[in-house]
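Encoded as structure tokens, the structure appears first; notes follow it.
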Amino acid sequence: MFIVNLTYIAPLETIDALLEEHIAFLKAGYAEGVLMASGRKVPRNGGVILARAESREALDKILSRDPFYREKAAEYEITEFIPTMTAPELEAMKETLDG
């Protein structure tokens, strides 16, 4: 599981111009079963994506399709973690320490 922390480095006008295409990218990621959750930060200086991918390399390939990445409108900080405990409604996200 990965936490993708986006920080905008372009003006919000640029972000807004790319937003429709970014939403299409997110919808495709959900349809592929890679994205688990996403949303804006408060204050609006970036966003957060929760993703499940086979590897960091696979995730990087997927994120390269994001227009925010393509247009260098955001920086990406990626943290991999193993969700071993969850609330009952998130049980499907659990992983074991051995993979």
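The values are calculated or read from the model by the stated rules, or taken from the named source; none is laboratory data. Keep in mind that what you see is a predicted model, and the values were worked out from it rather than measured. When we count neighbours, we look across all protein chains shown, and the Cβ atoms used for this are built from the backbone with ideal geometry, even at glycine.
Of all the listed residues (E91, E77, E54, E95), the sole one being assigned to a loop (DSSP other than H, G, I, E, B) and either modelled with pLDDT of 95 or more or exposed (fewer than 12 other Cβ atoms within 10 Å of the Cβ) (or both) is E54. Among the residues of the range 8-35, not one is in contact with a Gly (Cβ under 7 Å, 6 or more places away or on another chain) and charged (D, E, K, R).
Does the range 15-49 hold any residues that are out of contact with any Phe, Trp or Tyr (no Cβ under 7 Å at 6 or more places or on another chain), of a type outside the set (V, I, T) and either more than 20 Å from L59 (Cα to Cα) or in a loop (DSSP other than H, G, I, E, B) (or both), and which are they?
Residues satisfying the conditions are D16, A17, L19, E20, E32, G33, K41, P43, R44.
Annotation: of all residues in the range 57-74 being in a loop (DSSP other than H, G, I, E, B) and of a type in the set (G, A, S), the one that is nearest to E95 (Cα to Cα) is S64. Between residues in the range 55-81 that are touching a residue at least 24 places away in the same chain (Cβ under 8 Å) and farther than 15 Å from L19 by Cα and residues that are assigned to a loop (DSSP other than H, G, I, E, B) and of a type in the set (G, A, S), which pairs lie under 9 Å by C-beta distance while being six or more apart or on different chains? Matching pairs, first to second residue: L59/A53; I62/A53.
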